[in-house]
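Have a look at the structure below before the remarks.
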Amino acid sequence: MILKEHCVRNYRNIEEASLSPGDRLTVICGKNGQGKTNLLESIWLLSGAKSFRGGKDGDLVRKGAPFAEILAMAEGDTGEDMFRIAIGGAEADKKGRFAKINGVDFGRATNLAGHFYAIVFAPNHLSLVKGSPEERRKFLDAALCQLYPGYLGIYKRYLRALTQKNALLKDARRFPDVEYLLDSFDEELAAAGAEMIAHRKRYTKGLFEEAQRTYQSISSGSESCTFGYSPTAETAEELRTVIRQRRPADLRAGFCTAGPHREDIEIRIGGEEARVFASQGQQRSAVLSLKLSEAQQIAATTGQQPVMLLDDVLSELDSARQDFLLSRIEGRQVFITSCEASPFDHVQGAVYRMEAGTLSKIK
């Protein structure tokens with residue numbers, strides 16, 4: 001996968017910017033707060049995923065503009081495709097993100113999943129280790145949505161049933177036939193949840209094996225890092241049983257306490273829980289291992305190398321980890337943001353400077 005051209009209009013602090021990336025390396029340099037990450041974020045949205053920085057779609061639109069626009073040309077295994085994403089702001093009649101490919105309306109931008117592959121690595125991704133289970137579930141679900149577009153539909157089915165059941169549990173005393181109503185939601189949660197679990201199990205097997213090998217290489221064999229996923233149940237029938245066994249607890253809590261939405265990824269370094277006992281460097285190495293493994297899984301499954309988006313992460317890594325990361329991204333198109341351009345003076349590729357939302361080419 002190669003991004004050939006990229007243009008944004010009225011995107012966050014960028015009024016208009018055009019980028020002609022290098023086939024292998026593109027560096028976007030500039031001081032903090034100038035718009036480097038905004039540009040990288042706009043490339044990530046081509047994958048169909050939400051912003052890796054969180055927030056609402058309306059936050060992506062430049063203040064005072066009705067909508068933002070992303071135009072891009074990317075080359076994949078089937079040739080070149082033209083992407084267009086329109087993002088409605090607070091004043092727009094049509095709010096949210098909508099997409100077209102080669103002029104064909106795709107509806108919501110989430111339907112771009114499977115048409116553009118990318119991996120983003122940003123400093124806030126340390127939350128994959130030290131953050132809440134929700135952060136690790138988001139990582140897993142986002143990866144699956146990009147790799148298996150059908151997963152998004154399953155995920156939405158599950159969330160819809162979960163939201164409805166939680167609303168019912170919250171006001172259960174108002175409904176005399178609450179048990180009957182809960183049974184119907186449990187059926188949908190068990191069916192969609194079992195499909196989610198099957199995808200998670202299949203994906204994490206290869207992901208974790210590769211990530212463990214990668215961590216071994218980063219640490220030069222001096223320490224081990226293990227990753228684990230323990231599903232709530234193995235089948236829809238087992239999941240239905242677990243959910244119904246938890247019903248008394250659910251009624252007391254006012255929400256559904258068991259299912260894929262409560263699962264977690266376990267990360268251990270040297271046998272100890274990484275979230276609690278690992279150093280900052282070890283946590284960065286664990287995240288780096290997961291991200292490189294994610295890229296490998298995309299390449300192995302689709303036959304296409306994902307575009308790598310590295311948002312100011314080199315400054316967060318020591319020299320040994322920088323060298324390791326750069327050695328593992330060869331053969332892929334890479335975008336790097338950096339405060340300084342000088343480290344890339346002798347590197348072949350395109351170098352741009354971003355200043356107050358204005359992009360200019362250095363070389």
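The values are calculated or read from the model by the stated rules, or taken from the named source; none is laboratory data. Note that this is a predicted model, so its numbers are computed, not measured. Virtual Cβ from ideal backbone geometry, glycine too; neighbours counted across all protein chains shown. Heads up: the accessible areas ignore ligands, DNA and RNA and are worked out on the full protein's heavy atoms, side chains in. Shrake-Rupley method; radii C 1.70, N 1.55, O 1.52, S 1.80 Å.
Is one or more of the residues making up the range 261-272 under 25 Å from the mean Cα position of the chain (by Cα), crowded, with 18+ Cβ neighbours inside 10 Å and either hydroxyl-bearing (S, T, Y) or in a helix (DSSP H, G or I) (or both)? Within the range 261-272, one or more residues are under 25 Å from the mean Cα position of the chain (by Cα), crowded, with 18+ Cβ neighbours inside 10 Å and either hydroxyl-bearing (S, T, Y) or in a helix (DSSP H, G or I) (or both). Checked against the criterion of being under 25 Å from G48 (Cβ atoms), buried (at least 16 other Cβ atoms within 10 Å of the Cβ) and of a type in the set (V, I, T), the candidates I329, I243 yield just one match: I329. Residue check: E237 meets all listed conditions (1) in a loop (DSSP other than H, G, I, E, B); (2) touching a residue at least 24 places away in the same chain (Cβ under 8 Å); (3) exposed (fewer than 13 other Cβ atoms within 10 Å of the Cβ) but one, namely (1). Annotation note: of L162, L182, L128, the sole residue that is outside any loop (DSSP other than H, G, I, E, B), within 30 Å of Q322 (Cβ to Cβ) and in contact (Cβ under 8 Å) with a residue 40 or more places away in the chain is L128. Test L162 against the criterion of being touching a His at 6+ places or on another chain (Cβ under 7 Å) and crowded, with 19+ Cβ neighbours inside 10 Å, and give yes or no. Against the criterion (touching a His at 6+ places or on another chain (Cβ under 7 Å) and crowded, with 19+ Cβ neighbours inside 10 Å), L162 qualifies. Filtered by the rule that a residue be closer than 13 Å to A211 by Cα and open to solvent by 20 Å² or more (accessible area, probe 1.4 Å), the range 273-304 gives R284, Q296, Q297.
Within the range 69-84, not a single residue is farther than 27 Å from M308 by Cβ and of a type in the set (D, E, K, R).
Please go through the range 206-230 and give me each residue that is closer than 17 Å to D264 by Cβ and either crowded, with 18+ Cβ neighbours inside 10 Å or of a type in the set (G, A, S) (or both), ordered by number.
We begin by selecting, within the range 206-230, every residue closer than 17 Å to D264 by Cβ; these are 207-208, 211, 225-230.
Answer for the range 206-230, where residues must be closer than 17 Å to D264 by Cβ and either crowded, with 18+ Cβ neighbours inside 10 Å or of a type in the set (G, A, S) (or both): L207, F208, A211, C225, F227, G228, Y229, S230.
Collect the residues in the range 89-109 that are at pLDDT below 90 and either in a strand (DSSP E or B) or closer than 28 Å to Q305 by Cβ (or both), keeping them in residue-number order. Across the range 89-109, the qualifying residue is only G96. Scanning the range 345-363 for residues that are open to solvent by less than 20 Å² (accessible area, probe 1.4 Å) and outside any strand (DSSP E or B) yields a single hit, G357. Across the range 23-44, not a single residue is classified as open to solvent by 20 Å² or more (accessible area, probe 1.4 Å), hydroxyl-bearing (S, T, Y) and over 24 Å from A356 (Cα atoms).
Kindly establish whether G221 is without any contact (Cβ under 8 Å) to a residue 24 or more places away in the chain and at positive phi. When the stated conditions are applied, G221 passes them. Scanning for something among the hydrophobic types (A, V, I, L, M, F, W, C) and either modelled with pLDDT of 85 or more or farther than 29 Å from S18 by Cβ (or both), does the range 257-265 turn up at least one residue? Scanning the range 257-265, I find at least one residue that is among the hydrophobic types (A, V, I, L, M, F, W, C) and either modelled with pLDDT of 85 or more or farther than 29 Å from S18 by Cβ (or both), so the answer is yes.
Screening A172 with (1) among the small types (G, A, S); (2) touching a Phe, Trp or Tyr at 6+ places or on another chain (Cβ under 7 Å); (3) surrounded by fewer than 21 Cβ atoms within 10 Å (Cβ to Cβ) gives one miss only, at (2).
Report the residue count in the range 303-321 for those that are part of a loop (DSSP other than H, G, I, E, B) and within 26 Å of I2 (Cβ to Cβ). Steps first, answer last, please.
So the first thing to find is which residues in the range 303-321 are part of a loop (DSSP other than H, G, I, E, B), and the list is 303-306, 312-313, 317-318.
With the extra rule that they be within 26 Å of I2 (Cβ to Cβ), the set shrinks to 303-306, 312-313, 317.
Looking only at that region, the number is 7.
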